[in-house]
Amino acid sequence: MRDRSHQWQMAGFGTRSTGDPNSRAEGAYSLLRTSLLCGLAVAALVFPLVAMGGLSAKAGFDAIDVLSEEVAETDPPLTSYVYAADGETLVSLFYDEFRRHVSLDEISPVMQQAMVAAEDARFYDHNGVDYRGIMRAAVANQTSGGVEQGASTITMQYVRGALQLNAETIDEVIDATEQSAGRKLREARLSLAIEEQLTKDEILERYLNQVYFGHNAYGIFAAAQVYFSKHPSELEVHEAAMLAGLVQAPSSYDPITSDQTSALSRRNWVLDQMVEVDYLSRGDASELRSLPIELNTSDPPNSCIGVEGTTSEYGFFCDYFRRWWRAQDAFGETPADRERELRQGGYTVITSIDPDLQELANDTVNEAHGQRNPIAHGAVVMEPGTGRIKALGLNRTFSYDQSDNGPHSDPSFVDRKGNYPNTVNPVLGGGPTGGYQAGSTFKIFTLLAALDEGYPLDHHIYSPDRVATSFVSSATACGGYWCPKNGSASMAGDRTMWSGYGMSVNTYFAQLIDQVGADKTVEMAERMGLEWRSEGDAYYASEERRAGWGPFTLGVSDVQPIEMTNVFNTLAAEGEYCEPIPVLRIIDPHGQELDMAAPRCHQELDEDIARAATDAGRCVTETERRGVDCGDWGTSRVVGEILDRPVAGKSGTTDGDRASWFLGYTPQLTVGAFMSDPDYTFNPVGSSRSVISKETVGTILKGALKDEPVEDFTTPSKKIQFGD
């Protein structure tokens, strides 16, 4: 006699496979044997000690009951939906299996009927195991010499799928799917238990949300979307019949990649089955059989990019959100665990991205500086008081396809493609990239450190064209000491924080950091959120060396655009520091809103210090108050002219014009813009382009605030302006 595994397959417990041709000669004896085997199957279901491999009857029942409870409560992997701030604009989906749970009343009745007719016509009559079906399948299969009919009910199929989903090891997956008598008996016994715990409608709902339809469509919601681009409640009879027909063999009946002959035949078979169970009249079925298969396929985006490689204007923001999620301890122990939770947890995330602002930012940076250029131009828009990122504009396309990219700008990579116009690198921040030097924007840290130490804005320092400091330097020009020079001779003179900051006088801030202490300046930068990503920066920022890091005030450290924008966002919020955050709401699959989306803010600076820094920043844009000496001119007058409302900020360029920055803010909004070559930071931007970042900030702020009331900054105290 053959082994037991083969016997149970022939009895109808197996999926379709090739039978033993010699079995056809067994005749009546084989049919008798099949009947006996079916009897044994029923006995095994009644006596769990057989099915559970030698356990006592009570132990067998207890084990089945515990396992059936786990099976009944199985939560399959669900797709997470990520939306823009309006709650409607889709940013992206995240999934391993494209699936979204829908209740039974959200599924077209004809879809429910088609599935029952195709997979388990006696679904509403049996108690989980269809003994009549087993006998029928056993006789048909024994007669044909192969497995022509299966006897797995919808309940048994649900159980099998649930066991696979609950499996934690490869062995458990194999145990849940192998063709063996033990597996089939356990599956059948669990089905009986499930039917005692759940109603038929509950089982059908779980099954329809679990089953695979091909093309990464798991569950009926995904299937309706992928094949017909509609909600499952909208499915018509012929569409439902086609989908129901896919479940048995999605690849064999695939209507997308095949000539549809097999899919059409299978769909028509399902229509006939619906007639057999009185779900459909023969006349209606005949009419529907004549219809061709008409698809309206859709490829759901996944992980910030479309399945077909299509791109999205939200790609860089979406990637920042993904990296932020991976850093949140609440979603798992490791970054990989957290991303798995995002891809399987079925969350609904409302992000902070504003579709209108995103369009404005993207259009502005691309019009200012096109994509077919190694120089990147980007803008970050943030909200004071929350840290929420409202837009991330970049003159790049978020795409993995770099086949048409331009040559790499690094001379050592002659044969390598550059990261333009297509890239997925986190150019604006949030990833492993070190960032870019930000030049004179770093003077803000010296200014804040001085104010924090009690120096007033009216602190006078004579600032010549070049000045020697006490900081040791390897340069020999000034006897081994650091001696920076101004950008132009016209900057020299008696300067205060107002005029020194507004005119960006290097020698003023070189002396100010010498007076205040470089260690206090570096500490202030850390308080404002800066991290040291390069070995060089970490070396000089170390506790034992930071006191000698005088050049820090001129922006020799690398910084990411999001990080630097948030520094000035803190000033706009009058000293309230908020972590950059890309979300407004996070809702779990059970409808519970999580507190992970709440702003994470604290008062880092005294309000008066932040107001004083803003007062100096208004000198930069020449929107200063009356009675304050801002010097002969401000470095970024164009921003004030474009915006025509109170605005503060700071510009910055680096040695050799390798980067150009402007960080600007009003009480309502902060925008940071930069230009640099992410592939080769030694590649010069060009001095003629230094105004581009300023114009970008002014244009974005003007467009974003056009319908908002004009708000002025709060004037700092007389004491912090002029001292005692």
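Bear in mind these aren't lab numbers, they're just calculated from the coordinates by the rules spelled out. None of the values given here were measured: they were computed from a predicted structure. Quick reminder, even Gly has a Cβ in these numbers, built from the backbone with ideal geometry, and neighbours come from all protein chains shown.
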| Using a simple spin-label model with points 7 Å from Cα along the Cα→Cβ vector, what separation in nm is obtained for Tyr462 and Lys719? | 3.2 nm
| query | Taking the Cβ-Cβ separation of Ala547 and Cys478 as r and a Förster radius of 25 Å, what is the calculated FRET efficiency to the nearest 0.05? | reply | 0.85
| note | The residues Thr433, Thr699, Thr635, sorted from fewest to most surrounding Cβ atoms within 10 Å, come out as Thr433, Thr699, Thr635
| said: Test of understanding: ordering Met156, Met382, Met596 by Cβ neighbours within 10 Å, fewest first, what list do you get? | reply: Met596, Met156, Met382
| note | Kirkwood radius from Cα pairs of the range 188-261 plugged into Stokes-Einstein at 10 °C, 1.306 mPa s, gives D in µm²/s equal to 119 µm²/s
| query | If the cut-off is a Cα-Cα distance under 22 Å, which lysines reach Lys485, setting aside same-chain residues fewer than 8 apart in sequence? | reply | Lys443, Lys650
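Which of rounded, prolate, oblate describes the range 561-656, given a ≥ b ≥ c as roots of the alpha-carbon gyration tensor eigenvalues and a/c under 1.5 marking rounded, otherwise prolate only if a/b is larger than b/c? Numbers along the way, then the final one.
Values: a/c = 2.76, a/b = 2.25, b/c = 1.22.
Because a/c hits 1.5 or more and a/b exceeds b/c, the range 561-656 counts as prolate.
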| query | Using r as the Cβ-Cβ distance of Tyr124 and Asp337, and R0 as 45 Å, what FRET efficiency do you calculate, to the nearest 0.05? | reply | 0.60
| task | Mind ranking 158-165, 254-261 by how tightly packed they are, going by the mean number of other C-beta atoms within 10 angstrom, highest first? | result | 158-165, 254-261
| query | Reachable lysines from Lys706, Cα under 19 Å, same-chain residues fewer than 8 places away excluded? | reply | Lys390, Lys694
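Counting only other residues whose beta carbon sits under 15 Å from that of Leu280, what net charge do I get with K and R as +1, D and E as -1?
Details: positive: Arg267, Arg282, Arg289; negative: Glu236, Glu239, Asp272, Glu276, Asp278, Asp284, Glu287.
So the surrounding residues net to -4.
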| said: Taking 37 °C and 0.692 mPa s as the conditions, I'd like the Stokes-Einstein D for the range 439-556 in µm²/s, using the Kirkwood hydrodynamic radius from alpha carbon pairs. | reply: 231 µm²/s
| request: Enumerate the residues in the range 246-264 having an amide nitrogen under 15 Å from the point lying 7 Å beyond the Cα of Leu291 toward its Cβ. | output: 264
| request: Within the range 84-112, find all residues whose amide N lies under 18 Å from a label point positioned 7 Å from the Cα of Met596 along Cα-to-beta-carbon. | output: 84-85, 91-97
| task | Please list, or write none, the aspartates and glutamates whose alpha carbon is within less than 20 Å of the alpha carbon of Lys230, excluding same-chain residues fewer than 8 places away. | result | Glu88, Glu97, Asp105, Glu106, Glu205, Glu239, Asp254, Glu294, Asp299, Glu308
| message | If you filter the range 610-692 for trypsin sites (Lys or Arg not before Pro), then keep DSSP loop positions with at most 16 other Cβ within 10 Å, what is left? | response | Arg625, Arg626
| Using a basic spin-label model with each label point 7 Å from the Cα along Cα→Cβ, how many nm lie between Arg282 and Glu535? | 8.4 nm
